[in-house]
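**Q** Below you'll find the structure I mean.
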Amino acid sequence: MKKIAIPVCLLLVSCSSARYLETNLYFGQSKPDGGMVTEKEWNSFKETYISKVFKQGSSVSSVQGNWYDTAARKLITEPTYMVSCYYKKSPAISKQIDSLCSWYKTLFKQQSVLRVDKKVKAHF
């Protein structure tokens, strides 16, 4: 099995260990009409929304996503962008991340955006 390293940009730089939250967001690229979110649409979303929420930076990786479509009753596989970031815990940033997910669902008619939060201890 080949190991793949995924680079992650860190939002806050520190010289000692500290506690952060790591958030990974999964943005599916399939549209309900059978089309796909284009590269131009994705780049516009990144510039307009993602860069405003994660002002200190984030990492974007292309992955293959799988999810169960309850309406169609089948497993869907689709190209997906995973956005990763690290930040100090803050109710304000959490609300901004939720808004980011809502905007994506509205703009591209998505059922959901997966959000995974983990507590981490990081040393930079």
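**Q** Going by alpha carbons, how many degrees (0 to 90, nearest 10) lie between the helix axis of 91-108 and the longest principal axis of the chain?
**A** That works out to roughly 20 degrees.
**Q** Let's test the formula: R0 of 30 Å, r as the Cβ-Cβ distance of Thr77 and Gln56. What FRET efficiency results, to the nearest 0.05?
**A** 0.40
**Q** What is the packing order of peptides 28-36, 94-102, taking the mean over residues of other C-beta atoms within 10 Å and listing the highest first?
**A** Details: 28-36: 14.1, 94-102: 15.9.
In descending order of packing, they fall as 94-102, 28-36.
**Q** Now a separate question. Expressed as a whole number of Å, what is the distance separating the alpha-carbon centroids of the stretch 42-103 and the stretch 106-124?
**A** When both Cα centres are located, 5 Å separates them.
**Q** Please give the calculated 222 nm ellipticity per residue for the chain, where each DSSP H segment of at least 4 residues contributes -39500 (n - 2.57) and the sum is spread over every residue; nearest 500 deg cm²/dmol?
**A** Counting only the DSSP helices, I get -6500 deg cm²/dmol.
**Q** Quickly work out the Ser102-to-Lys88 label distance, labels modelled 7 Å from Cα along the C-beta direction, and quote it in nm with one decimal.
**A** Output for this residue pair reads 2.6 nm.
**Q** Let me ask something additional. Diagonalise the Cα gyration tensor of the chain and give the resulting equivalent ellipsoid semi-axes, square root of 5 times each eigenvalue, largest first, whole Å.
**A** Over the Cα atoms of the chain, the semi-axes work out to 27, 17, 14 Å.
**Q** Sticking with this structure for a sec: Going by how many other Cβ atoms sit within 10 Å of their own, how do Ile76, Ile93 line up, fewest first?
**A** By the 10 Å Cβ count, ascending, the order reads Ile76, Ile93.
Where a number appears in this text, it was derived from the coordinates with a stated rule and is not lab data. These figures come from a predicted structure and were not determined experimentally. All Cβ positions, even for glycine, are placed from backbone atoms using ideal geometry, and neighbour counts span all protein chains on display.
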